[in-house]
1. If you roll a 1.4 Å probe over segment 172-307 with all protein chains in place, what percent of the accessible area is carbon or sulfur?
2. Hey, got a sec? Which GluC sites (Glu not before Pro) in segment 152-254 land in a DSSP loop and have at most 11 other Cβ atoms within 10 Å?
3. Binning every alpha carbon pair distance of the chain at 10 Å from zero, what are the percents per bin?
4. What do you get for the angle between helix 13-28 and the principal long axis of the chain? Use alpha-carbon atoms, 0 to 90 degrees, nearest ten.
5. Where both partners of a DSSP beta bridge lie in the chain, what percent of those bridges are antiparallel, to the nearest 5?
6. Relative contact order for the chain using alpha-carbon pairs under 8 Å, separation at least 6, rounded to a whole percent?
7. Return a whole-number percent for the relative contact order of segment 55-206, with Cα pairs under 8 Å and 6 or more residues apart as the contact set.
8. Go through HIS76, HIS134 and list them by solvent-accessible area, largest first, probe radius 1.4 Å.
Amino acid sequence: MAQILRLGTRASPLARWQADWVAARLRELGVQVEMVLITTQGDVKTAPLGQIGGMGLFTKELQRALLDGQIDLAVHSLKDLPTDVVPGLTLGAVPVRESIADVLVSRTVRSVEELPPNSRVGTGSLRRRAQLLHVRPDLVLLDIRGNVDTRLRKLDEGEFDAIVLAEAGLRRLGLEQRIAAVIPVTTMLPAVGQGALGIECRADDAAVLTALQPLNDPATFAAITAERTLLQTLLAGCLAPVGAWGRIEGELLRLEAVVISADGKRRIVAQGESTAENAMELGKAVAAQLEQQGAMEIIAAERQTRPA
């Protein structure tokens, strides 16, 4: 394409890595790209995410810049992107997914099981907190904010005995040596969209949509469509105690999901499978299973404790 595409991104190291990766892929295809740095509410607020709302904290300004014509595309961590449809915008591509796993980072132990009773574990995620408490109610779960480097520094300075992060983020930043253990999905299902990037653009921008098509991975797109449809059906939001993992196995798209109370005591699980073409229907079907088991009570109880 002759035009220069303006790619909007947050300025954090991980966001820049993600944007640089997308820009490099586009340049390999002969597309000219200019980077535009945008500060979001999530970058400037320091309180725990659950106390300041969380929904769209890392994405709203990027979406506004798209709608205003300041940028032509935006790169999101899909786990941060709300599932509500924004009129005029669309996901133009979802590249091949990185690891979906959560990992334990610690200076002293090599697994969740090895953590001594009353160990201080840092996480900004209710989903992670609740799933850890389900298997280790003796742990002390504490809020932690900041980018990856900030969280690692707080761990190294002794504020925590361990922290939980996404494996994908550490690997993208070249920090995989900090991983003490990959937490099994049987213990901790990932956040919806975890490990995946979403490239958003204006829905009527045919030139950008065409340029993005080579970056899209159909298997990943189907998986995150099922996950995001499930979350949207539950009206849960990206900070809710909901985990989900969609993936293609053989000829089928499979989806597992969990809704868990904040204290980890009540845990509801569901799963299903379909063809990739029916990803949205699969997400709705698995959400219906969760609803039938009382998931909405758990989600409603958590919603009352934090802003919308």
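The values are calculated or read from the model by the stated rules, or taken from the named source; none is laboratory data. What you see is a predicted model; the values in this text were computed from it and never measured. Positions of Cβ are backbone-derived with ideal geometry, glycine not excepted, and every protein chain shown enters the neighbour counts. To get the accessible areas, we keep the full protein, side chains included, count just its heavy atoms, and leave off ligands, DNA and RNA. Shrake-Rupley method; radii C 1.70, N 1.55, O 1.52, S 1.80 Å.
1. 53
2. Passing sites in segment 152-254 are GLU157, GLU251.
3. For the chain, the pair-distance distribution reads 6, 27, 35, 24, 7, 1, 0.
4. Approximately 30 degrees, to the nearest 10.
5. Rounded to the nearest five, the antiparallel share is 70 percent.
6. Over the chain, the number comes to 21 percent.
7. 43
8. Listed by decreasing accessible area, they come as HIS134, HIS76.
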